[in-house]
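Visitor: Handing you a structure now.
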Amino acid sequence: MKKFLALLFILSNLLAGCGASETSATASATASTATFTPISAPQTATKTPLPSPTAGAATNLGLGNESLGGVEVTVWHPWYGVEASLFDSMVKEFNEKNKWGILINAQSQINFTNLYENVTAALPMTEKPDMVIALPEHALEWDASGAVTDLMPYEQDPVYGMDASDIPNVFWNQDHVGERRLAIPAQRTARFLLWNETWAGEIGFDSAPDAPDDFKQQSCRAQQAMQKDAVPQNDYMGGWYADTDPMTAYAWLLAFEGGVLEESDYRFLTPHNIDAFRYLRELSEGNCSWQAANLSPMDAFAQREALFISASLQDLPEVARAFASTENTDRWKVISFPGAHEDALVVYGSSYVVLQSTRPKQLAAWLFIQWLLENEQDARWVEVTHLFPIRSSTLTLLGDYQKTHPQWAQTIQLLAQGEIQPQLASWRKVKVMLGDGFTHMYRINVPSGQVPAILAQMESISRSLTK
């Protein structure tokens, strides 16, 4: 145990200087109350318009359209591959068609880690980006040094303001801190559980688990079913293929009414968190959850070797391909992490951050963001990335997509349960520590009785990471 705790501390310190390498991640805000309603058939969408000025209204930003001609805005983003290609095509289209003559120059930083490090290094320099697509915790850190533009005046401007009434609160509130808006949601995903409905029915269950006890019962019975075949090598399989992604750990804590915060400070050693991690360790001790180094969770799920796996929204197409490749016609569904009273779902992702520059550049960046959030661009992002649409009205363009991606459509129904991540710059480091601790808890098979010691060490480390 002491060796594990020391290793956890070392790893956390090593990772403290690194940005999160995520792939396109409880505040009150004067924001939308929109919720998503799935669309059953293709419909014709009304284009999300750029704001129409109130008759006789004047901007509060102190400049107008005439100041935007020929303004160049440098945008740094974390994408590569198909995402970068799509973004480049959008930039080209905006540059050719926008009525102001704004020119966007997009530069890929390959991933979030590189982007965070490069932006942080560039902030004191003359040559720096005007806008970045970054994680909300990165924006919080840059804002502490005065580098981030408050977008609230832009959002509320009578001429250039934005109607956000159809952006769900769980997206919109993440970047609203105090009386300031540090960013606008760019991409949002979530971590889910996947459940094999057909197999569950064969072993006696006609509905998805809606509480931890139900999840345990189904997982254990699936493992018992594996013991009845003629293959002894799979006797330990069957239940939940346990993964240690930080968002999985965080979601389980929330499902047990725990979490990582107490007011504005980190708190891990709580009765609810102890219950959550002890429950998960007992699942493993009872062979109702398992892991394998030589078998991916998606393959295990498609081969009926795991009744449950965890996955992010963008993983769903790969899961569907795994079922197709094994010719498995089982029905499978997406569910939240089951809690005794409320199920848990953590929503996260990147945001558009406008850095301090000149007023024309800031306004030009703002207008580019508004264009990116129009329904047509929003729908194109969904079809390429398989993430959530940012606007609920975009679903009117995604009727065919929902038909061909039924599990994605199920996630839309679950979104009302979503919660945001902690609004602290230190979350960049603490979530890595959470994943490290969760991983090592499984790797060295920490007994369920020693869970409080693990949580106490995680709390100590998390507070040291905020200094």
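The values are calculated or read from the model by the stated rules, or taken from the named source; none is laboratory data. Because the structure is a prediction, the values reported are computed rather than measured. When we count neighbours, we look across all protein chains shown, and the Cβ atoms used for this are built from the backbone with ideal geometry, even at glycine.
Visitor: Quick one: count up the residues across the range 134-171 that are out of contact with any helix residue (DSSP H, G or I) (no Cβ under 8 Å at 6 or more places or on another chain) and part of a loop (DSSP other than H, G, I, E, B).
Guide: Residues meeting the conditions: 10.
Visitor: Restricted to the range 385-434, and to residues that are among the hydroxyl-bearing types (S, T, Y) and farther than 22 Å from N169 by Cα, which residue is surrounded by the fewest Cβ atoms within 10 Å (Cβ to Cβ)?
Guide: Filtering first and then ranking leaves T404.
Visitor: Could you figure out which of (1) at pLDDT below 95; (2) within 22 Å of the chain's Cα centre (by Cα) isn't true of E318?
Guide: All conditions are met except number (1).
Visitor: Then there is this: Hey, can you tell me all the residues within the range 436-451 that are in contact with a Ser or Thr (Cβ under 9 Å, 6 or more places away or on another chain), under 17 Å from S284 (Cβ atoms) and surrounded by 16 or more Cβ atoms within 10 Å (Cβ to Cβ)?
Guide: G437, F438, T439, H440, M441, Y442, S448, listed by residue number.
Visitor: Return yes when W381 is modelled with pLDDT of 95 or more, aromatic (F, W, Y), in a helix (DSSP H, G or I) and under 16 Å from the mean Cα position of the chain (by Cα) and no when it is not.
Guide: yes
Visitor: If I filter the range 244-276 down to residues being touching a Leu at 6+ places or on another chain (Cβ under 9 Å), outside any helix (DSSP H, G or I) and among the small types (G, A, S), which single residue comes out as nearest to S289 (Cα to Cα)?
Guide: G259
Visitor: Right, next: Quick one: R188 ticks every box in (1) more than 23 Å from the chain's Cα centre (by Cα); (2) modelled with pLDDT of 95 or more; (3) buried (at least 19 other Cβ atoms within 10 Å of the Cβ); (4) not β-branched (V, I, T) except a single one, so which number is it?
Guide: (1)
Visitor: Can you name the condition, by its number, that A340 falls short on among (1) over 30 Å from N65 (Cβ atoms); (2) crowded, with 23+ Cβ neighbours inside 10 Å?
Guide: Unmet condition: (2).
Visitor: For the range 102-154, enumerate the residues that are within 13 Å of D175 (Cα to Cα) and either touching a His at 6+ places or on another chain (Cβ under 8 Å) or of a type in the set (S, T, Y) (or both).
Guide: I133, T149, listed by residue number.
Visitor: If you take the residues of the range 103-122 that are over 23 Å from the mean Cα position of the chain (by Cα) and over 21 Å from I369 (Cα atoms), which of them is surrounded by the most Cβ atoms within 10 Å (Cβ to Cβ)?
Guide: A122
Visitor: Any chance the range 43-58 includes a residue that's of a type in the set (A, V, I, L, M), at pLDDT 85 or above and either touching an Asp or Glu at 6+ places or on another chain (Cβ under 9 Å) or not in a loop (DSSP other than H, G, I, E, B) (or both)?
Guide: Scanning the range 43-58 turns up no residue that is of a type in the set (A, V, I, L, M), at pLDDT 85 or above and either touching an Asp or Glu at 6+ places or on another chain (Cβ under 9 Å) or not in a loop (DSSP other than H, G, I, E, B) (or both).
Visitor: Sticking with this one: Inside the range 81-125, can you point out the residues that are out of contact with any Asp or Glu (no Cβ under 7 Å at 6 or more places or on another chain), of a type outside the set (D, E, K, R), closer than 24 Å to L140 by Cβ and part of a helix (DSSP H, G or I)?
Guide: F87, T113, N114, L115, Y116, N118, V119, T120, A121, A122
Visitor: Does I454 count as among the hydrophobic types (A, V, I, L, M, F, W, C), outside any helix (DSSP H, G or I) and buried (at least 23 other Cβ atoms within 10 Å of the Cβ)?
Guide: When the stated conditions are applied, I454 does not pass them.
Visitor: Check E327 against each of (1) surrounded by fewer than 19 Cβ atoms within 10 Å (Cβ to Cβ); (2) in a helix (DSSP H, G or I); (3) outside the structural domain of D143 (by TED's automatic domain parsing) and name the one condition it does not meet.
Guide: The number of the failed condition is (2).
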